[in-house]
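First up is the structure itself, then whatever we jot down about it.
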Amino acid sequence: MTLRLALLLPLALAASRGEIIDRIAVVVGTSVITASEIERELRLTAFLNGDKLDFSPETKRKAADRLVEQRLIRREMELNRYPGPEPAGADRLLEDVRKTRFSDQAGYQKALEEYQISEADLKAHLFWQLTALRFIEMRFRPGIQIPEEEIEEELARRNPLAANTPTRPVSAEDRRAQVEEELVQRRLDQYLDQWLRNARERTRLEYRKEVFR
């Protein structure tokens, strides 16, 4: 038996048994995103948002874009040795999901089955969310300084009473801190979007059209 035949034979046997071979959906530099990864991303996102499952070409493409961004961020973290979050953070998020979304464990397990996801996949997804947030904070926040005049302009545009409630008035200091943080978050979004655009331009990206039909 030749080497080429030996390499191809397992694929042929798998196909003959009716097994589905995972397809490459996107090439990201030297790595790939598979069709099953996109499906898992769709199921996890729908589960967390409480949405119906949607496997339309448009939603698959959006899920693929999110996974591309994940790969770009992961590569940046590996190259520059950004530390990740503590694993316990994902445990806390998972517990929050269970408590806020479901009245009991049975309902939680039933939802996992309906969306065809495992708790391990859900926990990994939540851990990634923490990882991405940590990267964004460490990569971009240190360079953000909001000018005092911009804070004052934003405060002037708002109704001072809007943030107050009869039982919980908000002090001027708290309102200022809240507005400043909101402006910082806007900058973080802008910097991240620009960084991702630049990273995409520097990276070979190839979407396999047949996967997104």
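Can you show me the helix-derived [θ] at 222 nm for the chain, built from DSSP H runs with n ≥ 4 at -39,500 (n - 2.57) apiece and divided by the number of residues, rounded to the nearest 500.
Working: 8 runs with 141 residues, N = 213.
Mean residue ellipticity at 222 nm (helix-derived): -22500 deg cm²/dmol.
Lysine pairs, Cα distance under 29 Å, 8 or more residues apart or cross-chain: how many in the chain?
Taking the chain as the scope, the lysine pair count is 16.
For a quick check of your reading of the filter: which trypsin sites (Lys or Arg not before Pro) in the stretch 34-112 sit in a DSSP loop and have no more than 11 other Cβ atoms within 10 Å? Don't skip to the end; give the middle numbers.
Working: sites: R40, R43, K52, K60, R61, K62, R66, R71, R74, R75, R81, R92, R98, K99, R101, K110; in loops: K52, R81.
Answer in residue order: K52, R81.
Which whole-number percent gives the relative contact order of the chain, counting Cα pairs below 8 Å spaced six or more residues apart? Walk me through the numbers on the way to the answer.
Numbers: 148 pairs, mean separation 62.4, N = 213.
Once normalised by length, the contact order is 29 percent.
What does the charge dipole of the chain about its Cα centre add up to, to the nearest 20 debye, if the Cβ of each Lys and Arg holds +1 and the Cβ of each Asp and Glu holds -1?
Numbers: 37 positive and 38 negative charges, 192 e Å.
Charge dipole, the chain, about its Cα centre: 920 debye, nearest 20.
What ranking do L44, L53, L188 get, fewest neighbouring Cβ atoms within 10 angstrom at the top?
Details: L44 20, L53 14, L188 17.
Ranking L44, L53, L188 by Cβ neighbours within 10 Å, fewest first, gives L53, L188, L44.
Values in this text are rule-based calculations from the coordinates and carry no lab data. For clarity, every value in this text was computed on a predicted model and none was experimentally measured. Note that each Cβ is placed from the backbone with ideal geometry, even for glycine, and that neighbours are counted across all protein chains shown.
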